[in-house]
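See below for the structure under consideration.
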Amino acid sequence: MNYGNSQFGLDLLSETEKGFDVVRISRWAYERYISCSREVSLETKANIMKIVAMEEGPEFEMDEAEVRQFARSLIEQKIA
């Protein structure tokens, strides 16, 4: 199984439906990173880490609309 940008984007949108909390979503993304690390390209790892990094400080945070747009862009493969 290959876990790519599109699948991560779908999972991320689903996760935001549970409620938007930067810390929770960041930690969820870290769990995805760890659990799928052998099945993920460097490109996808970098995109997952953009979500993981949100917990590191306000300069890395995205608001809910930005996270949803990021997820949609991954699904549409507009982000490398």
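The values are calculated or read from the model by the stated rules, or taken from the named source; none is laboratory data. Keep in mind it's a predicted model, so treat the numbers as computed, not measured. Quick reminder, even Gly has a Cβ in these numbers, built from the backbone with ideal geometry, and neighbours come from all protein chains shown. These area figures cover heavy atoms from the full protein model, side chains too; ligands, DNA and RNA do not enter into them. Shrake-Rupley method; radii C 1.70, N 1.55, O 1.52, S 1.80 Å.
Within the set 8, 20, the sole residue that is at pLDDT 95 or above and either outside any helix (DSSP H, G or I) or over 18 Å from residue 75 (Cβ atoms) (or both) turns out to be 20. Per this entry, residue 40 is not counted among residues that are touching a Phe, Trp or Tyr at 6+ places or on another chain (Cβ under 7 Å) and at pLDDT 95 or above. Only residues that are open to solvent by 70 Å² or more (accessible area, probe 1.4 Å) and small (Gly, Ala, Ser) were counted in the range 51-76, giving 0.
Restricting attention to the range 1-30, the residues that are open to solvent by 80 Å² or more (accessible area, probe 1.4 Å) and farther than 21 Å from residue 66 by Cα total 2. As for the range 56-69, it holds at least one residue that is touching a helix residue (DSSP H, G or I) at 6+ places or on another chain (Cβ under 8 Å), of a type outside the set (Ser, Thr, Tyr) and outside any helix (DSSP H, G or I).
Tallying residues that are over 9 Å from the mean Cα position of the chain (by Cα), under 19 Å from residue 56 (Cβ atoms) and among the basic types (Lys, Arg) within the range 1-41 yields 2.
Can you confirm whether residue 48 is β-branched (Val, Ile, Thr) and either at pLDDT below 95 or open to solvent by 50 Å² or more (accessible area, probe 1.4 Å) (or both)? So residue 48 fails the test.
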